[in-house]
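> The structure that follows is given in the form of structure tokens.
The values are calculated or read from the model by the stated rules, or taken from the named source; none is laboratory data. The shown structure was predicted, so the numbers you read here are calculated from the model rather than taken from an experiment. When we count neighbours, we look across all protein chains shown, and the Cβ atoms used for this are built from the backbone with ideal geometry, even at glycine. Side chains included, ligands, DNA and RNA excluded: accessible areas come from the protein's heavy atoms. Shrake-Rupley method; radii C 1.70, N 1.55, O 1.52, S 1.80 Å.
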Amino acid sequence: MSETLTPEPIYQTDALIAADIDAYLDVHQHKTMLRFITCGSVDDGKSTLIGRLLYDSKMIFEDQLAALEADSKRVGTQGQEIDFALLVDGLAAEREQGITIDVAYRFFATEKRKFIVADTPGHEQYTRNMVTGASTADLAIILIDARKGVLTQTRRHSFLAHQIGIRNIVLAVNKMDLVDYDQAVFDGILKDYTEFARSIGISSFVAMPISGFKGDNITGLSANTPWYSGPSLMQHLETVEVDATIDARKPFRMAVQWVNRPNLDFRGFSGLIASGSIRPGDAVRILPSGKTSTVKRIVTLGADLDHAIAGQSVTLTLADEVDCSRGDVIASADSPPQVADQFEATIVWMDEAEMLPGRPYWMKIGAQTVTATVQQPKYQVNVNTMEQLAARTLDLNAIGVANLSTDRPIPFEAYADNRDLGGFILIDKMTNATVAAGMLHFSLRRADNIHWQAVDITREAHAAQKGQSPKLLWFTGLSGSGKSTIANIVEKKLHALGRHTFLLDGDNVRHGLNKDLGFTDADRVENIRRVGEVAKLMTDAGLIVITAFISPFRSEREMVRQMLPVGEFVEVHIDTSLAEAEKRDVKGLYAKARAGQLKNFTGIDSPYEVPEKPEIRIDTSKLDAEAAADLIVERVIGIWSPDL
């Protein structure tokens, strides 16, 4: 093994700093910005590499360097030498374990370019953090430990980087100093990775042998690898074309983030230009409405601009008074994006709880938030083999392809063409937790072929004919709580009063409409979704609909509520304790569940989420079925027919 020394940083401070600081700052302000990530498997040296880049670009103050030297001796992993990883691993848990857990962002600059680097974790359980870091990156450095070769996380992170749309991939075979800078080792890893990269659609990448710890081929070419003639890592980072330059050549797109109305004489539309360029006088189209106008002014804080390009935040004023709101997209009039409400997408699931097909989630795409429902995945991707596996749902860190629909048409582009209009996140409506990230592929053809058919007899006309206001009485509670019994009595009493009703019972519906569904969480969600749609149609017909379902999840009960006009959904909680419900056990279901013969039984091995603010709560420890029904009917008559 040849002797290796830690190379001295080759970057020298620009003399312009001392000669003319204002001129230097002006030059610095107009440098391009490259955002990149380091990713790969655990202990491949991602944090060490970033630390080395910060050190060699002289982005470390003297007190930071002193603290780094002290920390390296105390908790470092490199003996008495500097542990560069400690510059990035800021969490106590990271330093104690010697791993990266969270995404760490660092800024540094050279004389040619500014950089923001995201150090992403290698552990599989933190894959969601890697996705977060990659979502805004122009370039990904995939690190591989020269001693270990291509690993599962190498494949996973490469696949995700490609799916997320990172065009520039650097394969950095790290720790070459630990394999005596052997070219055969490098060539073997390059061959393995090339085969894998082609299988997932990565057509080109830049490969280089490096040592983040020793500094080989980081800021300059190393004498230890005379067989390598490519660029050093820093040379490549300084010269690679950034996404903003590419995006500027595309058609104009800007999502409206804010309607700027400081006074009666000014109305502007503010946002970040996602792609293309714009000038005063250019014709634009507002989506989804399709209205057209021309740009009157391009307003910024300093002064109006005569030209703006992708990456700039501006305020546009238009020549016409067109309707344009937050979330709308201003685009080139002659090449606008599509508008649709049904899509195919790749989804990366990021939550501990599995995805529930049919459950409505908030979908944040661009500057707008809509309700989206994801269907059962078409398949899940095995990142080791790229095999497409059948899947009913997606678990934490799973990657799959599924169809989804939104509650209204939205302007979009395929993620491969525009990240801003094709990338989205899904948010749980109950917890506000981000549960998934996704990339739209294309709109479904049926979204263009299916249109809402106008009818002459409205839901109001149906209700007037029956002399009543339509309502949905949604009975929820544990199995054995008495839902079906009370619901049946309520219907009889309403029928006797001349009301037009229909009762949808949970067991009865599973004999027909939902007989294909089981009792997993995903099946329970679909069960309630279908019942909600049927109930909505019945209320459109002017009926008072009564349902008796366990409906254990708040999200699905809220989903049905949102299907109906305000005030038509009445949640009736039949509040019976688990002990009392189990004591009754009319059908013997609790006994089977306790014996392990009945899986996914609510209250035993599947949760029941108690209604937080039901319109009606029936305490069955205080009221019998007849009294409970009388109370509900009285509430029905009192709310719906105050004249009776």
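> Trypsin sites (Lys or Arg not before Pro) within region 566-611: which are DSSP loop residues with at most 15 other Cβ atoms inside 10 Å?
When the trypsin sites (Lys or Arg not before Pro) of region 566-611 are filtered for loop state and at most 15 Cβ neighbours within 10 Å, Lys587, Lys599 remain.
> Working with all protein chains in place, sort Asp585, Asp177 by solvent-accessible area computed with a 1.4 Å probe, largest first.
Asp585, Asp177
> Once the Cβ-Cβ distance between Val455 and Lys31 is put in as r, and R0 is 45 Å, what FRET efficiency do you end up with, to the nearest 0.05? Mind dumping the intermediate values first?
Details: r = 61 Å, r/R0 = 1.36.
Approximately 0.15, to the nearest 0.05.
> What percentage of all Cα-Cα pairs in region 310-360 are separated by more than 18 Å?
60
> Sort the following peptides by mean Cβ neighbour count (other Cβ atoms within 10 Å, averaged over residues), highest first: 415-426, 36-47, 381-392, 461-472.
36-47, 415-426, 461-472, 381-392
> For region 572-644, take the alpha-carbon Rg, divide it by the Kirkwood Rh, and send me Rg/Rh.
1.11
> Set the Förster distance to 60 Å, then compute FRET efficiency between Thr239 and Asn600 from the Cβ-Cβ distance, nearest 0.05. Don't jump to the answer; show the numbers that get you there.
On the way: r = 57 Å, r/R0 = 0.95.
Step by step, r from the Cβ atoms, then E = 0.60.
> Please count, across region 425-573, the pairs of lysine residues with Cα atoms under 25 Å apart that sit 8 or more places apart or on different chains.
Lysine pairs meeting the criterion: 16.
> What full-extension length gain, to one decimal in nm, is calculated for Trp227 and Arg279 as 0.36 nm per residue of separation minus the Cα-Cα distance?
13.7 nm
> In nm, to one decimal, how far is the modelled label at Asp585 from the one at Glu533, with both set 7 Å along Cα→Cβ?
About 3.7 nm, to one decimal.
> What is the gain in length, in nm to one decimal, between Ala416 and Asp192 on full extension, counting 0.36 nm per residue of separation less the C-alpha to C-alpha distance? It would help to have the intermediate numbers written out before the result.
Numbers: separation 224, 0.36 × 224 = 80.64 nm, distance 2.60 nm.
Extra length available between Ala416 and Asp192 comes to 78.0 nm.
> Give the Rg/Rh ratio for region 356-466, taking Rg as the radius of gyration of the Cα atoms and Rh as the Kirkwood radius, to two decimals. Walk me through the numbers before you get to the answer.
Details: Rg = 17.4 Å, Rh = 16.1 Å.
The Rg/Rh ratio comes out at 1.08.
> List residues of region 307-339, by number, whose backbone nitrogen lies under 20 Å from a label position 7 Å along Cα→C-beta of Lys291.
Output list for this probe position: 315-339.
> Once the Cα atoms of region 230-312 are picked out, what are the Rg and Dmax in Å?
Every Cα atom of region 230-312 included, Rg and Dmax give 16.4, 60 Å.
> Now, a different point. Counting only C-alpha contacts under 8 Å and six or more residues apart, can you give the relative contact order of region 425-575 as a whole percent?
Relative contact order of region 425-575: 35 percent.
> Calculate the translational D of region 279-321 in whole µm² s⁻¹ from Stokes-Einstein, where the hydrodynamic radius comes from the Kirkwood formula applied to all Cα pairs, the temperature is 4 °C and the viscosity 1.567 mPa s.
118
> Using a 1.4 Å probe and counting only protein heavy atoms, arrange Trp362, Trp227, Trp349, Trp258 so the residue with the most accessible area comes first. Please report the intermediate quantities before stating the final value.
Details: Trp362 95, Trp227 70, Trp349 5, Trp258 145 Å².
Ranking Trp362, Trp227, Trp349, Trp258 by accessible area, largest first, yields Trp258, Trp362, Trp227, Trp349.
> Calculate the tail of P(r) for region 499-644: the fraction of all Cα-Cα distances greater than 21 Å, expressed in %.
Percentage above 21 Å: 50.
> Let me ask another. For a quick protection proxy, order the peptides 491-504, 473-486 by their average other-Cβ count within 10 Å, most packed first.
Going from most to least packed, we get 473-486, 491-504.
> Next up: Contour minus end-to-end for Ala353 and Glu634, with contour as 0.36 nm per residue of separation and end-to-end as the Cα-Cα distance?
On the way: separation 281, 0.36 × 281 = 101.16 nm, distance 4.06 nm.
Separation in residues times 0.36 nm, less the Cα-Cα distance, equals 97.1 nm.
> Here's a follow-up. Given the Cα atoms of region 170-211, and with Rh set as the inverse mean 1/r over their pairs in the Kirkwood sense, what is Rg to Rh to two decimals?
Rg/Rh: 1.01.
> Can you give me the P(r) profile for region 168-287? Cα pairs, bins 5 angstrom wide beginning at 0, each as a whole percent.
2, 9, 14, 14, 12, 9, 7, 7, 7, 7, 6, 4, 2, 1, 0
> With r defined as the distance between the Cβ atoms of Asp265 and Ser325 and R0 fixed at 25 Å, what FRET efficiency is calculated, to the nearest 0.05?
Computed FRET efficiency for Asp265 and Ser325: 0.80.
> To continue, here is another question. Distance in nm between label sites at Thr371 and Asp624, each 7 Å beyond Cα in the beta-carbon direction?
Label-label distance for Thr371 and Asp624, simple model: 4.0 nm.
> Further, regarding this structure: Once Rh is set to the Kirkwood radius over Cα pairs, what Stokes-Einstein translational diffusion coefficient, in µm²/s, holds for region 280-421 at a temperature of 37 °C and a viscosity of 0.692 mPa s? Show your work: numbers first, answer last.
Details: Rh = 17.5 Å.
Calculated translational D: 188 µm²/s.
> What nm distance separates the two modelled labels at His495 and Glu111, each placed 7 Å from Cα along Cα→Cβ?
Distance between the two pseudo-spin positions: 9.0 nm.
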